[in-house]
Amino acid sequence: MGSSNIWKKLVGNEEASDQVKLYWFIPDGVRAEPDIFTIFEWAKKGELPHLKTMMENGAYGYSIPVFPSHTPVNFATLLSGAMPKSHGVADGPMHTEGHPLDTVSVGGFRSVARKIPAVWSILEDQKKKVAVISTPGSTPPEIENGIVIRGRWGGWGADLHAVNYESQGDGSRQFEQGKRTKLFTLGPRLAKFVKPVPAREWKINIESKAPPLEFEISDWGERFYAYLYGKNPSGSEDYNRIIFSRDKQEILTDISSGEWGDWIDAQLKFGEVSFSSHVRFHIIKLKNKEDFKVRVLYDNLNRFITSPPEVAGELDSSLGPMVDFVDNFPPQLIHDIEDRKTFLDEMGFSFDWHMRVIGEIARLYHPDVVLHNVYNPNQMLTSRWWLQYVDPKGNAYHQALPREREERYSEVLSMYKKLDSMLGEIMKTADQKTLIVFSSDHGVHVLNKSVRVNNILAKNGLLKFSIDQLTGEPIVDWANSQAVFLQMDGIYLDPKGLGGKWYRAKGEAYDQLRTRVIDILSQVKDEEGKSPFGAITKWEDVDAVLGLPKDRVGDLVISNNPGYGWSEDMSH
């Protein structure tokens, strides 16, 4: 059924609209096409039985995302029914005139980034009660009588991300990851590197074959201590377990490599306000004192990130702690082979919560309309562990053994089956007047080659930066730089330098600089003589060529050919 017909049924007839309901399930990054991710064929063969039921009782087909194929842009398009040049969301982190380029002036995941109303506002005007779950662009909340749960990176409320604590070792890993350990390269750190020291003042009766070590875990106003010790029947002095404690006396969790502890109560802080929450510890790997990694999960639900606030407590009472989605962005579970198992575990926790919340929302709140997003498909298909092994265009596909490809394919199919199971739960809550819509914002293409655009600009003397020798993070000399690439597709230019507040330049020197940059990029080829650049568009042409808003893009917008991805990373 076309979206226009859906809205007509919901709001076009006051008498009929009193009865019609909608559950719009919009998982992020669900690839579907007729060659490899043939989900309609999977459904017909019985792999996705609930999707099969929908196909037999409705309409189905493929959709194409708007440019750029990125979550905030395409969700704004889906939820407003307008192109980016109208709704104004051109990217996640956006940069506009009058603001320094080293900060994000407009966050595309925020509801206030949209210049026009989203569908929930229109439906609420029609007296519909709307529930919005984990949906990008929904926070800060814009509805008054319904409920909003989390959103996605909307800069609203106590949005608690998971953090990895990793052994510093010789410092090479920390240097390698550099700024990629930070949320969108500008937010809080997603990975922290620690050097354990001899354990002191612990009052626990634990025998250890190896001299006990400790390190501190401190986030969101709560501090824990980790106690590394060796409990090996063989008598080995290796470290193989970690105890987590708040006071070095009470053991909260005692686990070995690969294990998850139980959720434990925690008193966290958001600004100056304390609130009750939950935390869970996991050891991704523990090989020795120089090679370990611990993951700390924080309950993603609290009263500061739901509207109204009491929704958090009501759902916590019935569902327990929330894991909204697997991994972080930028991803953290991509560096070690052990990360893959952690990813699958964590994705299972997320799907479990999202599966169970469907019935609870219906039972507790009786909404007329539900919009529900889950981010796991995007996280899985953009991770290093799967798409490269499933898609024949991937570099890893032909290098992997057949059993390895089959294993990864099975894991991907299992994820799609989880989505199908969610459709089944949705159907249980539906009555004869409920419309169920299953769609996604974009698919995922194999990216075999990463293009470090800033290195190209630096090589040509247009970008000046140095590298912090401890953290690996770049330090940009904005005042003496004339060009910089900022995710996900913008190159910003000024012949006089990019320091201070940025304003779009003009004049002959600007035109010459822009022409030079276009020429430089047009000459870039890979080892096969192919260009990664599909198009290079001037800002004044983006509305006509790409459907983007002129006021929220760089001086040049670069689009990539299939198989190539852009990177902000600066290395030399």
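Counting other Cβ atoms within 10 Å as a rough exposure proxy, the listed residues 222, 201 run 201, 222 from fewest neighbours to most.
Sites listed here are GluC sites (Glu not before Pro) in the stretch 470-572 whose DSSP assignment is loop and whose Cβ has at most 10 other Cβ atoms within 10 Å: 527, 528.
Considering only beta bridges that DSSP places wholly inside the chain, some 70 percent are antiparallel.
Ordering 398, 50 from the fewest to the most neighbouring beta carbons within 10 Å gives 398, 50. Across the cross-link table entries 464/538; 115/550; 195/269; 506/550; 393/418; 496/538, which are compared at the Cα atoms, the separations over 21 Å belong to 464/538; 195/269; 393/418.
Between residue 127 and residue 216, the contour length at 0.36 nm per residue exceeds the alpha carbon distance by 26.9 nm. The relative contact order of the stretch 449-567, computed from alpha carbon pairs under 8 Å that lie at least 6 residues apart in sequence, is 27 percent. Basic side chains Lys and Arg get +1 at the Cβ, acidic Asp and Glu get -1 at the Cβ, and with that the dipole of the stretch 163-298 about its Cα centre reaches some 420 debye. Applying the criteria of a DSSP loop state and at most 11 other Cβ atoms within 10 Å to the GluC sites (Glu not before Pro) of the stretch 44-106 yields 97.
In this rough spin-label picture, where each label sits 7 Å from Cα along the Cβ direction, the residue 496-residue 103 distance is 2.1 nm. The relative contact order of the stretch 427-507 comes to 18 percent, based on Cα pairs under 8 Å that sit 6 or more residues apart. For the stretch 14-83, the set of chymotrypsin sites (Phe, Trp or Tyr not before Pro) satisfying both a DSSP loop assignment and a count of at most 12 other C-beta atoms within 10 Å is given as 62.
All of the numbers you see were taken from the coordinates with simple rules; none came from a lab. Just so we're clear, the structure is a prediction, and the values are computed from it rather than from any experiment. Ideal geometry is used to build each Cβ from the backbone, glycine not excepted, and the neighbour counts take in all protein chains shown.
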